[in-house]
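Visitor: This is the structure I want to talk about, given as structure tokens.
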Amino acid sequence: TSYFVALQLGAVLKGTCYLAEEIFHLETRHRGSFWRALGACLHLRWHVTLLLISSSAYAALLDGDRHSLGLHLVLSCFCQLLFLVLGLH
């Protein structure tokens, strides 16, 4: 389950990076609509739904230690960002 959480986090982070770049092209590419740019960069319904399901399953498998859940999610985010920066994805 942690692998699926990491995959979904990676997809959301990658889409967020794309959105940060697309902000500069709102007028030319998306007719000034932030929501069109958001829809083009992130498939929110799909990724957020899978992220919530995967996170819920991962949290259910923990032994009640909620601090390690947050630590694992933060480490997964950092690993995914590192993969994006290094071009390993």
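Visitor: Work out the length of the dipole vector of the chain about its Cα centre, built from +1 on the beta-carbon of each Lys and Arg and -1 on the beta-carbon of each Asp and Glu, and round it to the nearest 20 debye.
Guide: That gives a dipole near 280 debye.
Visitor: While we're looking at this one, here's another question. With only alpha-carbon pairs counted, each pair once and no self-pairs, how large is the Kirkwood hydrodynamic radius of the chain in angstroms?
Guide: The Cα-based Kirkwood calculation yields 14.2 Å.
Visitor: Here's another thing I want to ask about it. Whole-Hz ³J(HN,Hα) for each residue in the stretch 29-46, computed from phi via Karplus 6.51 cos²θ - 1.76 cosθ + 1.60 with θ = phi - 60°, x for glycine and proline: what do you get?
Guide: Taking θ as phi minus 60°, the curve returns 9, 10, 6, x, 9, 5, 5, 5, 5, 4, x, 6, 8, 10, 9, 4, 4, 5 Hz for the stretch 29-46.
Visitor: Oh, and also: Multiply the residue separation of residue 44 and residue 84 by 0.36 nm, subtract the distance between their alpha-carbon atoms, and state the gained length in nm to one decimal.
Guide: Taking residue 44 through residue 84 to full extension adds about 12.5 nm, to one decimal.
Visitor: Also, quick follow-up: If ligands, DNA and RNA are left out, what is the accessible area of residue 34 with a 1.4 Å probe, given in Å² to the nearest 10?
Guide: Looks like 80 Å² after rounding.
The values are calculated or read from the model by the stated rules, or taken from the named source; none is laboratory data. In this text, all values refer to a predicted model and were calculated from it rather than measured experimentally. All Cβ positions, even for glycine, are placed from backbone atoms using ideal geometry, and neighbour counts span all protein chains on display. We work out accessible area using only protein heavy atoms, side chains counted, and drop any ligands, DNA or RNA first. Shrake-Rupley method; radii C 1.70, N 1.55, O 1.52, S 1.80 Å.
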